[in-house]
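Notes follow the structure.
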Amino acid sequence: MARVTTEQKMLQMATHNIRLRALGHAAIGIWVQLISYIIEYGTDGVMVPGNGNAPTLEEIATVGLRMDVTELVTHLETYAETQLITHDSTAGTLGLPGALMPSRKALAARENGKKGGRPPKHHNPKPQDDPRQRTAIMGIAGGKDMADETQRETHDPKLSLEVNNNLKAKPAAQDVDAVFKALGRKAWEAAGFDPARDRGNWGQVRQWVADALAEGLSAAETERMVMNVVETVTDRQRQKGQSIKHLGYFNGAIEQAIKTRDIPALVCTTEAEFAADAAYQEAHRQWVLDAANGSDAPQPRREDFIARARVAA
């Protein structure tokens, strides 16, 4: 029998739980997003917003859900009252509902795994751990000397970290170049460099673009993220009476923004864009329902709907 994942249980709740469905489609979408954050950033079904890599409640509200944090807190109180989310405002934690929490058996297995697991019933100890071999001289197989054996193990491909790193999907070079071409100079000028007297070196932006695309950000999200970081950090330095000497100064802030997906939301300003946003909300609701029934269609993106509305205008 196939194991049902927490994500699958979440989608089943989104389509069948009476208490959740009574809150309306918008509340269901917000709940799905919150549960996804808890699954991704939490431990054993509990997340502490702002702890470690976990986003803060304000980041979840403004970036992830595009709402005011007070509105998010109101939703959390509703979910807590209906036992759809565990919310402890005093401890500052968010937790999965009982139906989605890992079982005690799963938690025990995880703790046992941290300790290295239980040895087999008829376990033969390794020679170096065998009391009978305490005084024996441990030779190296095949009569090789220590240098040869160490050399073989050090360069064993299975031990190389590059193998795991190369498994990560890399964005196509032409995609990186296209975004870099549109973004490089804008980011450089936003950092306060003067085209008339400063060298036009904005090559560092290409690495930011490659890193962002590799983490799944779209071209538009990458541009908004980079420009927001550069403008925010530059303004902060100006207030201190300091200037940016090179684009490498932003590397740490860019890396953190990619990790936390600190991407400014698209702002609707026209009637067509508001209509496109409403169409996205309906498409996302339908996607949640279809996913619960086994569909593997890609998740709709709000920026795609708004971008089409802007092109049509």
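The values are calculated or read from the model by the stated rules, or taken from the named source; none is laboratory data. Since this is a predicted model, take the numbers as computed values, not measurements. Cβ sites come from the backbone with ideal geometry, for glycine too, and all protein chains shown count toward neighbours. We work out accessible area using only protein heavy atoms, side chains counted, and drop any ligands, DNA or RNA first. Shrake-Rupley method; radii C 1.70, N 1.55, O 1.52, S 1.80 Å.
For region 205-227, which positions are in contact with a Phe, Trp or Tyr (Cβ under 7 Å, 6 or more places away or on another chain) and open to solvent by less than 40 Å² (accessible area, probe 1.4 Å)?
205, 209, 226, listed by residue number.
Could you check region 94-107 and list, in sequence order, the residues that are modelled with pLDDT of 85 or more and in a loop (DSSP other than H, G, I, E, B)?
Scanning region 94-107 gives 96, 97, 100.
Under the condition of being open to solvent by 40 Å² or more (accessible area, probe 1.4 Å), free of Cβ contacts under 8 Å to residues at least 24 places away in the same chain and part of a loop (DSSP other than H, G, I, E, B), which residue from region 258-313 is nearest to residue 227 (Cα to Cα)?
267
Which fully enclosed helices (runs of 4 or more DSSP H) of region 1-93 have 3 or more residues being open to solvent by 60 Å² or more (accessible area, probe 1.4 Å) and within 24 Å of residue 289 (Cα to Cα)?
Per the criteria, 6-16, 18-21, 25-41.
Please work out if residue 72 is closer than 26 Å to residue 266 by Cβ and either touching a helix residue (DSSP H, G or I) at 6+ places or on another chain (Cβ under 7 Å) or at pLDDT 85 or above (or both).
Judged against the criteria, residue 72 is a match.
Any idea how many residues of region 235-248 are part of a helix (DSSP H, G or I) and surrounded by 17 or more Cβ atoms within 10 Å (Cβ to Cβ)?
The total comes to 1.
Please pick out the residue among 212, 253, 187, 220 that is at pLDDT 90 or above, in contact with an Asp or Glu (Cβ under 8 Å, 6 or more places away or on another chain) and small (Gly, Ala, Ser).
On inspection, the qualifying residue turns out to be 212.
Give just the number: which of (1) within 26 Å of residue 172 (Cα to Cα); (2) at pLDDT below 90 does residue 243 not satisfy?
It is condition (1) that residue 243 fails.
Can you report the number of residues in region 178-204 which are assigned to a helix (DSSP H, G or I), open to solvent by less than 30 Å² (accessible area, probe 1.4 Å) and within 17 Å of residue 234 (Cβ to Cβ)?
Residues meeting the conditions: 5.
Within region 217-260, how many residues are of a type in the set (Lys, Arg) and under 22 Å from the mean Cα position of the chain (by Cα)?
Of the residues in region 217-260, 2 are of a type in the set (Lys, Arg) and under 22 Å from the mean Cα position of the chain (by Cα).
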